[in-house]
Amino acid sequence: MARRRSFASQSLGFLAVYGLFFYITNYKALRNLESHLKNLNRTHLPPPHNGQHVKEKNMVDWDTSNLEMDQLNHISLPHGRFIFGGNSHQVKIPRSSVFDRSISWTSLQRELLNDLDINVEEEKKRCTSFNFGLPNATMPLRRRRIFYGALISGDSAEVIKATSMEQYNIFHTVSLIESNTTQNGTPKKWRFFGSEDASKKLNWLYQLFGPKTKVSVDYYVSSMKKGQVDTLVSEHFQREGHLYRWKMNGMRPDDVAITGDIDESFSRDFLRALQICDVPQFRPGQNCKSPKVLASTKIFESSPECVWKDRRGFHPDAILGECVDQIGDAKLHPPTNRNKWSHREPGYGHGGNYSQYEAYVSTPLNMKGQYPLWNPHEIRAEVGGKVISKKDEWRSPTAYHFHNYFMSTEEIRFKYSTYGHNDTKAALEKPLWNLNRDLELAVTCAAGIHTEKAEINFESMPGRAKPIYYLNEEARRARHVVWQDIVMKDRNL
């Protein structure tokens with residue numbers, strides 16, 4: 001407590017100086033997926049060249065351990081190469097790396113996570129709370145299989161523990177994809193391949209989502225030069241890998257696909273609803289024009305105690321398998337026009353506008369009223385779905401986003417200088433609070449100051465929808481102290 005009072009007292013001077021500023025202030029990459037998967041072979045990566053980066057491959061830190069990738073299945077595409085590892089049900093984890101995360105659960109967490117049995121009456125209540133019904137009462141209830149895909153990079157263990165607890169033993173497949181470059185092409189080391197430490201991290205990751213889930217980390221090597229494409233285009237290319245993994249793991253048209261970032265998750269309550277309720281977007285026979293279920297997402301900034309009050313996000317995104325490219329029937333859903341960056345062309349579905357598609361694709365084929373299948377990045381980025389919140393007096397969220405949950409100032413600055421729409425100079429030079437409104441809220445919160453835009457703390461959030469991981473008060477306190485230390489160190493630089 002002395003340490004926390006000391007921080008608060010030091011923060012007064014900080015706020016006096018900066019307080020004013022706080023408040024003023026023609027390529028179709030996956031058309032041949034089926035044949036790729038049938039003919040998957042061991043294509044080799046380029047060999048090292050005198051210790052230098054391989055031309056236009058952005059390969060990083062070549063050493064003999066990377067030659068192990070030669071033993072993995074590869075698929076080469078114009079924009080890069082996917083390299084596929086095993087999944088958690090195929091590998092033998094060393095006994096020294098095996099752990100049971102349930103040991104640390106509180107009694108309340110254990111109660112919420114031990115929900116494998118289907119209780120019909122409870123499921124009726126759950127479905128009603130989201131304005132869903134139950135499926136045909138004459139049929140036995142069964143849960144839909146969910147196939148999840150997210151990119152993984154420098155995300156902290158803290159945030160992965162938080163999201164994976166919400167998802168524990170729910171997903172059939174977790175497809176994680178790591179790249180050896182950032183979104184703007186900056187080289188980075190593999191985190192989950194090529195060293196003893198990477199193997200330990202991979203074994204840890206395999207176990208986080210529960211023994212019923214197949215977890216894999218696959219690898220993406222871009223052939224794009226730095227600055228050749230927009231930063232978010234490289235993310236879209238990377239997400240294509242989920243289709244390969246989902247297909248390998250047996251995804252069917254009646255399964256559900258979810259795309260997201262590793263720092264966000266549907267709530268467990270809503271995931272169970274998506275598995276069993278009569279969700280209109282999951283009924284068979286979709287036309288795939290507007291097939292997505294989108295979240296109403298509560299945003300936590302850097303700490304579980306720093307929460308936006310009214311601002312909501314709308315990721316992750318869920319969609320029925322019959323509307324997913326290479327899983328659904330392309331004869332019923334003719335392909336649309338995409339540009340060389342794999343984006344839908346204007347009028348061919350981009351922004352929800354299908355005027356050209358209807359005029360030049362579906363109508364000439366006598367298939368008016370049918371629309372194209374969706375790639376993973378389209379599931380996340382394109383328009384076409386419904387945002388769902390809980391039907392209670394608080395409009396409770398159906399997902400959580402743990403934003404900027406890094407472990408140091410350096411990690412934050414690396415993110416903002418190399419990912420997304422970055423401003424390298426500002427990210428490296430400005431104080432944290434002045435980088436954007438997200439960090440502004442988080443920094444003021446660390447000092448114990450809460451504006452009208454923020455909840456007072458975790459406990460003050462209205463309603464019962466709260467992330468399971470942070471129902472543990474000790475976990476909340478530990479993360480908040482880490483964030484306070486990061487802010488203090490940044491102030492003293």
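Under the condition of being open to solvent by less than 10 Å² (accessible area, probe 1.4 Å) and closer than 18 Å to Gln275 by Cα, the residues counted in the range 239-264 number 7. Just the residues that are modelled with pLDDT of 85 or more, in a loop (DSSP other than H, G, I, E, B) and under 16 Å from the mean Cα position of the chain (by Cα), please, taken from the range 373-428. Correct list: Asn375, Glu382, Thr398, Asn404, Tyr405, Phe406. All of (1) out of contact with any strand residue (DSSP E or B) (no Cβ under 8 Å at 6 or more places or on another chain); (2) at pLDDT 95 or above; (3) of a type in the set (Lys, Arg) hold for Lys340 with one exception: (2).
Among the residues making up the range 285-303, those that are touching a strand residue (DSSP E or B) at 6+ places or on another chain (Cβ under 8 Å) and not polar (S, T, N, Q) are Cys288, Pro291, Lys292, Val293, Leu294, Ala295, Lys298, Ile299, Phe300, Glu301. Where residues in the range 343-384 are touching a Ser or Thr at 6+ places or on another chain (Cβ under 8 Å) and among the small types (Gly, Ala, Ser), which of them is surrounded by the fewest Cβ atoms within 10 Å (Cβ to Cβ)? Checked the range 343-384; the qualifying residue surrounded by the fewest Cβ atoms within 10 Å (Cβ to Cβ) is Gly369. Going through the range 77-109 one residue at a time, which ones are small (Gly, Ala, Ser) and either part of a helix (DSSP H, G or I) or open to solvent by 70 Å² or more (accessible area, probe 1.4 Å) (or both)? The answer is Ser96, Ser97, Ser102, Ser104, Ser107. Among the residues of the range 272-291, the ones that are surrounded by 23 or more Cβ atoms within 10 Å (Cβ to Cβ) and either within 18 Å of Asn119 (Cβ to Cβ) or among the aromatic types (Phe, Trp, Tyr) (or both) come to 4 in all. Does the range 433-456 hold any residues that are modelled with pLDDT under 90 and touching a His at 6+ places or on another chain (Cβ under 7 Å), and which are they? Scanning the range 433-456 gives a single hit, Asp438.
The values are calculated or read from the model by the stated rules, or taken from the named source; none is laboratory data. Bear in mind that the values here come from a model prediction, so they are computed numbers and not experimental data. Positions of Cβ are generated from backbone atoms using ideal geometry, with glycine treated the same way; all protein chains shown enter the neighbour counts. Calculation scope for accessible area: heavy atoms of the full protein, side chains included, ligands and nucleic acids excluded. Shrake-Rupley method; radii C 1.70, N 1.55, O 1.52, S 1.80 Å.
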